[in-house]
Number of protein chains: 2
Amino acid sequence: MSGAAEPSAGNMTSKDYYADSYAHFGIHEEMLKDEVRTLSYRQAIQNNPHLFKDKVVLDVGCGTGILCMFAAKAGAKKVIGVDMSNIIDQANVIVKANRLDHIITLVKGKLEEVDLGLGPNGKVDIIVSEWMGYFLLYESMLDTVLLARDKYLKPDGIMMPDSATLYLSAIEDQEYKEEKIDFWDDVYGFDYSCIKEIALREPLVDTVELRSVVCDPAPLLHLDLMKVRKEDLTFKSKFKLTVTRNDYVHAFLGWFDIGFEACHKPVRFSTGPHSRYTHWKQTVFYTPGTLTVFEGDVIEGELTCAPNARNPRDLDISLAYKLQGKNTTEARMDYKMS
Amino acid sequence: MSGAAEPSAGNMTSKDYYADSYAHFGIHEEMLKDEVRTLSYRQAIQNNPHLFKDKVVLDVGCGTGILCMFAAKAGAKKVIGVDMSNIIDQANVIVKANRLDHIITLVKGKLEEVDLGLGPNGKVDIIVSEWMGYFLLYESMLDTVLLARDKYLKPDGIMMPDSATLYLSAIEDQEYKEEKIDFWDDVYGFDYSCIKEIALREPLVDTVELRSVVCDPAPLLHLDLMKVRKEDLTFKSKFKLTVTRNDYVHAFLGWFDIGFEACHKPVRFSTGPHSRYTHWKQTVFYTPGTLTVFEGDVIEGELTCAPNARNPRDLDISLAYKLQGKNTTEARMDYKMS
């Protein structure tokens, strides 16, 4: 439908709102139908019964329970799924319909507050979670997953996935930039340029064709899920992008790769422009001006990323960059994903 | 971005949520770029300066102020735009940037509560409003527009638009029904049929190709905006659809037409499957079973539509129908647009 949340009867805090918006099943349909995502998890779980056999598994943000059911099929002794959204009521019906309720227990609530029924100091062998948001960290549940790891995972336990890497490149995107950004210069003859300013600062989640990419990608951030701490999610990263052809640059482009390295044979997928479509698409950061680039030019810069102070699910992202070449250009833009 | 609302700092009631979700400019971009919509309003307003010259105009739900600016260009003496969303802050900047702030006054708040600065018993000559929602009435502002009419419009005043008609037909839609509904029967080998039940009851807003339509359309409801009362928006309507070819029926299809009949030359547009794309698309009501229909068969039925008691912006819609022909079928479904 309209993508809007189901309004609650009473007051909603922004946290309640978040819990409720995911309750609408549309987002779950989109995630389930994302085969790159769902089949990667299935492969990582069901192709590794030696890891799951008789183990206790925790699924953080279990949604409709699909990962719980994969884990049960892989031989887990006990699977606990936690979600604060109302979708967990449907998950309960689904788990029963598939006769897996003797293995899977679903707990509704915030992970910080619920009782997982593990007893005092009870631990789990494996944590599975599909916590990734746009640009990896936007509206992500990673902080909750890290809490779960620190509180519940055995020292020799496994995180699935256990690796995430964020990448940056740059793209030629004149046509779409005109449609999304320059559109506001003349709206049926009227000057809407104040909206142009806002549009420019909001990263755009959309699919980008590989042929638009004009630089070799550079890694921005690598997360080892066994070790990363919440503080590491506020980061500053230098990058150096080498231009691969004479062209123009209208935007920087972000995406991420995910790995299940603990598997017998590592399972990996990418959300980059060279890969099959995922519902995460890519993230486009339009530059204020156009860069004229030549093959071999280098764009050096620094990206900083931090949760917004007022609403930690939003991201404040700054991009400072300098093109060194025939047309030296230097700029800095502050973006907000909200 | 994700289509989610911008969360507020404090508590949000569902009403606040509604106000805020429209504040995000994405929806305004979509509406402005809907040329069928925006050019129809422009034509109705700017091609009728004899109606607007030196008149006082009220725009209910003014958004970015585009209709206010059309009215000002058409010669209005004074234009008042009202909106409870934060987008009105941008509208103020836009109106100033276009040097129309000596004509246009924007008022932030709920129409029921704000002071329009018209003085005691002050009235307006024309009310313009783009109040239509999906299936005409879902999340529509029509009740507010009617309040504005009864409180502020001169007896000989004009409503723009002044006519709205809701239509129903039936479509062949096997492929997409399988993707949207039957998908839940087998999700990676698991039974998700409880979600299928929910999916079936939620009308789907999407574009339908004209070649999918297998019945002549029937009008369900006609609104004369000068006369309609809020109570009329809860309605029960009998329909009779004549099948135009041997085919199958997987869903009923709803859409609406809009008219500006008070114009020198009436301006009209349709959101039906025979017309150019609009952001309202069409509304699909999947039937529980498939109807096998023959040319000349008649599907008779009754549609009831009422605002949901708990959340009046949601719609409760019931469809009872009987196919009379070689394969007589009778059924009834309750839908909820939310």
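The values are calculated or read from the model by the stated rules, or taken from the named source; none is laboratory data. The structure presented is a predicted model; accordingly, all values stated were derived computationally and were not measured. Please note: Cβ atoms are built from the backbone with ideal geometry, for glycine as well, and neighbour counts cover all protein chains shown.
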For the range A:266-324, please list each of the strands (runs of 3 or more DSSP E) lying entirely inside it that holds at least 3 residues being within 14 Å of another protein chain (Cβ to nearest Cβ) and surrounded by 22 or more Cβ atoms within 10 Å (Cβ to Cβ). A:282-293
Per the filter on the range A:148-182, residues assigned to a helix (DSSP H, G or I) and not small (Gly, Ala, Ser) are A:ARG149, A:ASP150, A:LYS151, A:TYR152, A:GLN174, A:GLU175, A:TYR176, A:LYS177, A:GLU178, A:GLU179, A:LYS180, A:ASP182
Please go through the range B:183-198 and pick out each residue that is part of a helix (DSSP H, G or I) and buried (at least 21 other Cβ atoms within 10 Å of the Cβ). B:TRP184, B:ILE195
Residue count, the range B:177-198, condition more than 28 Å from A:GLN43 (Cα to Cα) and more than 9 Å from chain A (Cβ to nearest Cβ), comes to 2
Hey, any hits in the range A:100-123 for a residue that's in contact with a Phe, Trp or Tyr (Cβ under 8 Å, 6 or more places away or on another chain) and among the charged types (D, E, K, R)? yes
Might you let me know whether the range B:86-103 holds any residue that is within 22 Å of the chain's Cα centre (by Cα) and charged (D, E, K, R)? no
Does the range A:32-60 hold any residues that are more than 12 Å from chain B (Cβ to nearest Cβ) and either buried (at least 24 other Cβ atoms within 10 Å of the Cβ) or among the hydrophobic types (A, V, I, L, M, F, W, C) (or both), and which are they? A:VAL36, A:ALA44, A:LEU51, A:PHE52, A:VAL56, A:VAL57, A:LEU58, A:ASP59, A:VAL60
Any chance you could count how many residues in the range B:67-117 are on the phi < 0 side of the Ramachandran plot and within 12 Å of chain A (Cβ to nearest Cβ)? 20
Residue match in the range A:148-170 (condition: modelled with pLDDT under 95 and touching a strand residue (DSSP E or B) at 6+ places or on another chain (Cβ under 7 Å)): no
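For (1) more than 16 Å from the chain's Cα centre (by Cα); (2) on the phi > 0 side of the Ramachandran plot; (3) within 14 Å of chain A (Cβ to nearest Cβ); (4) not in a strand (DSSP E or B), each residue gets a yes or a no:
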| site | (1), (2), (3), (4) |
| --- | --- |
| B:LEU200 | yes, no, yes, yes |
| B:LEU220 | no, no, no, no |
| B:ASP232 | no, no, no, yes |
| B:LYS236 | yes, no, no, no |
| B:ARG245 | yes, no, no, yes |
Just to check your reading of the model, which residue among B:ASP257, B:ASP232, B:ASP224 is surrounded by fewer than 22 Cβ atoms within 10 Å (Cβ to Cβ), under 18 Å from B:LEU137 (Cα atoms) and touching a Lys or Arg at 6+ places or on another chain (Cβ under 8 Å)? B:ASP257
Per the list (1) of a type in the set (D, E, K, R); (2) touching a residue at least 24 places away in the same chain (Cβ under 8 Å); (3) touching a helix residue (DSSP H, G or I) at 6+ places or on another chain (Cβ under 9 Å), residue check on B:ASP101 breaks on (2)
